[in-house]
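The values are calculated or read from the model by the stated rules, or taken from the named source; none is laboratory data. This is a predicted model, so every value here is computed, not measured. In this analysis, Cβ positions are derived from the backbone assuming ideal geometry, glycine residues included, and neighbour counts consider all displayed protein chains. Heavy atoms of the whole protein, side chains included, go into the accessibility calculation; ligands, DNA and RNA do not. Shrake-Rupley method; radii C 1.70, N 1.55, O 1.52, S 1.80 Å.
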Amino acid sequence: MALRIAFFDAKSYDIESFNAVNKDYNFDIRYYQERLSISTVPLAKGADVVCIFVNAECDAQVIDELVNNGVKLIALRCAGFNNVDLKAAEGRIRVTRVPAYSPHAVAEYAVSLMLSLNRKIYRAVNRTRDGNFTLNGLLGFDMYGKTAGVIGMGRIAKELIKILHGFGMNVMAYDLYPDHEFAKQYDVKVVSLDELYANSDIISLHCPLTPDTKFLINQDSIAKMKKGVMIINTGRGKLINTEDLIEGLRSKQVGSAGLDVYEEEREYFYEDKSDKMIDDDVLARLLMVPNVVLTSHQAFFTAEALHNIAVSTLDSVKEFAEGKDLTCEVKNA
């Protein structure tokens, strides 16, 4: 009998990519549009595995119910796992993730946000559609020769650094455990956070969300930055205190922001809310700022990445089914 997977928060593109890849695995995948939460967890009854995404609620109460329902594996089809209570799962239910699905996709998207903000492409398109072909207010700057500060030196950050190096930018990077050999190869100056803040024209966030990095970008760190700095976040929403970012934009200390994530995105991202009022006042204010580009956590969203996510996720399920070590297992620290 085929191992059964309860697949939560299923979108049409998920179903298409997983069905294509599952032809090589033959698992029994049951797709549900609902996100995993305490109210939807009964859907997992009878399943061996639940497959969840970034906005799932997988706290201790949900994990208790999953265990009671006989679920033995939580397979995250994303890199982040901060929405899973690993302490509650320890010794009771195993957890896997997709550590890297396409660093190229996210790095390229970060650059697209930079270019869109710098050259005001989003504003120019709206203008020309209204028949306005003036250039007032659309002035940008040459990326060449400017300084980019990259926080983190993981796989995505390294792909970004390669692109920015190709632009002829000066690149600074901060990481707790920097790759000095890579830095030397691409003329990256490894610096402290304060030096990065003080000298960067553009700052891009590529570090994991931990207790130490939560709200890394806040009133104090913004005050240390160059006036008019551009901030890019394709990592985790809670790396930025949004209230402080809005104040930085208001005071013009921050010149622009490109955000693919938001600290309270769970209720909005990946859903169509166009016919409803946005109840989140902070998000509503952020959407009103003219020099902000905000997108719905789509940096990963390429055909190649979706394929890689499906392969990695189902590989983990296959390893579990065969009693092997789980290559992408996440354990409580």
*In debye, nearest 20, what is the charge dipole magnitude of the range 255-330 about its Cα centre with +1 on Lys and Arg Cβ and -1 on Asp and Glu Cβ, if you could check?*
200
*Length gain on complete extension for the stretch residue 247 to residue 133, per 0.36 nm per residue less the alpha carbon to alpha carbon distance?*
37.9 nm
*For every helix of n ≥ 4 consecutive DSSP H residues, a contribution of -39,500 (n - 2.57) applies; sum these over the chain, divide by its total residues, and give [θ] at 222 nm rounded to the nearest 500 deg cm²/dmol.*
-10000 deg cm²/dmol
*Ignoring any ligand, DNA or RNA, what whole percent of the accessible area of the chain comes from carbon and sulfur when the probe is 1.4 angstrom?*
50
_Theoretical gain in end-to-end length, residue 61 to residue 45 [0.36 nm per residue, Cα-Cα removed]_ = 4.2 nm
_Simple spin-label estimate for residue 303 and residue 82 in nanometres, 7 Å along Cα-Cβ_ = 3.3
*By a straight-distance test (C-alpha under 19 Å), which aspartates and glutamates pair with residue 273 as possible cross-link partners, with residues fewer than eight away in the same chain excluded?*
9, 34, 260, 263, 264, 265, 281
*How much accessible area per residue does the range 62-113 have, in Å², with a 1.4 Å probe?*
38
*So what are the ³J(HN,Hα) numbers for the range 10-22, from phi and the Karplus equation (6.51, -1.76, 1.60; θ = phi - 60°), rounded to whole Hz, Gly and Pro as x?*
7, 9, 4, 6, 5, 4, 4, 5, 6, 5, 5, 6, 5
_Solvent-accessible heavy-atom area per residue, rounded to whole Å², over the range 135-192 at 1.4 Å_ = 57
*So what J values fall out for the range 260-267 if you push phi through Karplus, 6.51 cos²θ - 1.76 cosθ + 1.60 with θ = phi - 60°, rounded to Hz, Gly and Pro as x?*
9, 9, 8, 4, 10, 7, 3, 7
*How far is it, in nm, from the label point at residue 32 to the one at residue 219 when both lie 7 Å from their Cα along the line to the Cβ?*
4.3
*How far is the Cα center of the range 218-242 from the Cα center of the range 1-73, in Å?*
35
_Quick check for you: with a 1.4 Å probe and neighbouring chains kept, what is the accessible area per residue of the range 233-282, in Å²?_
49
*asked:* Between 0 and 90 degrees, rounded to the nearest ten: what's the tilt of helix 155-166 against the longest Cα principal axis of the chain?
replied: 30
*Apply the Karplus parameterisation 6.51 cos²θ - 1.76 cosθ + 1.60, with θ equal to phi minus 60°, to every residue of the range 307-317 and state each ³J(HN,Hα) to the nearest whole Hz, in sequence, with x for glycine and proline.*
4, 5, 4, 5, 5, 5, 5, 6, 4, 5, 5
_Entry for Kirkwood radius over Cα pairs in Å (calculated from the structure that is shown) out of [x] 20.2; [y] 21.3; [z] 25.2_ = [y]
*Any idea what angle helix 103-118 forms with the longest principal axis of the chain, computed on alpha-carbon atoms, 0 to 90 degrees, nearest 10?*
30
*Would you mind getting me the FRET efficiency between residue 322 and residue 20? Use the beta-carbon distance for r and R0 = 30 Å, nearest 0.05.*
0.85
_Cut-off under 5 Å, modelled amide H: who pairs with residue 171 long-range_ = 148, 189
*Return the FRET efficiency for the residue pair residue 2, residue 193: r is the Cβ-Cβ distance, R0 is 51 Å, and the value is rounded to the nearest 0.05.*
0.55
*Based on Cβ point charges of +1 for Lys and Arg and -1 for Asp and Glu, what charge dipole magnitude is obtained for the chain about its Cα centre, in debye rounded to the nearest 20?*
720
_Exceeding 28 Å between C-alpha atoms, which entries from my cross-link table qualify? They are 120/238; 184/226; 11/324; 87/238._
11/324
*asked:* Cross-link candidates for residue 23: which lysines have Cα within less than 18 Å, leaving aside residues fewer than 8 places away along the same chain?
replied: 318
